[in-house]
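The values are calculated or read from the model by the stated rules, or taken from the named source; none is laboratory data. Quick caveat: nothing in here was measured; it's all calculated off a predicted structure. Neighbour counts run over all protein chains shown; Cβ positions are idealised from the backbone, glycine included. The accessibility values were calculated without ligands, DNA or RNA, using every heavy atom of the protein model including side chains. Shrake-Rupley method; radii C 1.70, N 1.55, O 1.52, S 1.80 Å.
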Amino acid sequence: NFLIGILISFYLLFSKEKIAAQGKKICFAFFKKDTANAFIHNVRFADKTFNGFIVGKIVDSIIIGIICYICTLFLKTPYPILISVIIGVTNVIPFFGPFIGAIPCGILLLLVDPKACLHFLIMVFLLQQFDGNILGPRILGSSTGITGFWVIFAITLFGGLWGPTGMIVGVPLFAVIYTVISAMLKTKLNAKGLTSQTDAYTNMNFIDKDDKFVTIPKEDIVTITSAKNINNH
């Protein structure tokens, strides 16, 4: 299956322009013009999100692997190449990757040299702080557009469904789903004459007959117990 997949991927890449053109033709043949344009736009957005995240994450992980190798040589850590490869490869997995890579490396070093294990764990912690706060944001930027909570949610959800593969593709896939749902909500709210800005809903309690956002003081909330009372209020 792996060899067949590689063979098919070569054919797809060789004919990608023609396949993309055929896909556009099918969209305009079976859907309305606006629907087809929206679908093609969403596909391009998904492609940009996946490319931006996965390619950026691979570059980020290669750099982290190289830095890890240099640090292990400086600290004279046993098995520097093996450890650096494991750290670099597992770093492709967002958030949980550094821990997944550090655990087997730490156990290996603990069996060989406990002092080297302690130095390694401190180095990994500092390395991941550098990656998460400096290197990662510069390379990835805002390629996903989702917060840290949704990143963890996506990794947990798709990792549980598809294993390590889901942990890698889960973040860009969820980013696409999140954007599509956000666009749908914005369209629905705008059709009702309501704003789609999340901040506007932070302190509001209800929307009155004139579509104005109303905030009720906490001491007065106990008197509002039903939708009918809210409308009267």
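Of all residues in region 11-27, those that are open to solvent by less than 90 Å² (accessible area, probe 1.4 Å) and closer than 15 Å to HIS41 by Cα total 5. Could we say that VAL43 is out of contact with any Gly (no Cβ under 6 Å at 6 or more places or on another chain), among the aliphatic types (A, V, I, L, M) and open to solvent by 70 Å² or more (accessible area, probe 1.4 Å) here? It is true that VAL43 is out of contact with any Gly (no Cβ under 6 Å at 6 or more places or on another chain), among the aliphatic types (A, V, I, L, M) and open to solvent by 70 Å² or more (accessible area, probe 1.4 Å). Could you tell me whether ILE40 is within 26 Å of CYS117 (Cα to Cα), over 20 Å from the mean Cα position of the chain (by Cα) and modelled with pLDDT of 90 or more? So ILE40 does not fit the description; no. Residues that are open to solvent by 80 Å² or more (accessible area, probe 1.4 Å) number at least 3 in the following helices (runs of 4 or more DSSP H) confined to region 78-184: 80-90, 97-112, 114-130, 148-162. All of LEU157, LEU161, LEU118 fail the test of being within 30 Å of LYS76 (Cβ to Cβ) and of a type in the set (A, V, I, L, M, F, W, C), apart from LEU118. Residue under question is ILE19, and the condition is that it be of a type in the set (Val, Ile, Thr) and closer than 26 Å to ILE93 by Cα; does it hold? So ILE19 does not fit the description; no. Within region 28-40, the only residue that satisfies the criterion of being farther than 19 Å from MET184 by Cβ and surrounded by 14 or more Cβ atoms within 10 Å (Cβ to Cβ) is PHE28. Looking only at region 1-10, residues that are open to solvent by less than 80 Å² (accessible area, probe 1.4 Å) and either of a type in the set (S, T, N, Q) or touching a Leu at 6+ places or on another chain (Cβ under 9 Å) (or both) come to 1 in all. Listed conditions (1) closer than 29 Å to LEU157 by Cβ; (2) open to solvent by less than 80 Å² (accessible area, probe 1.4 Å); (3) not in a helix (DSSP H, G or I) are all met by GLY52, apart from (3).
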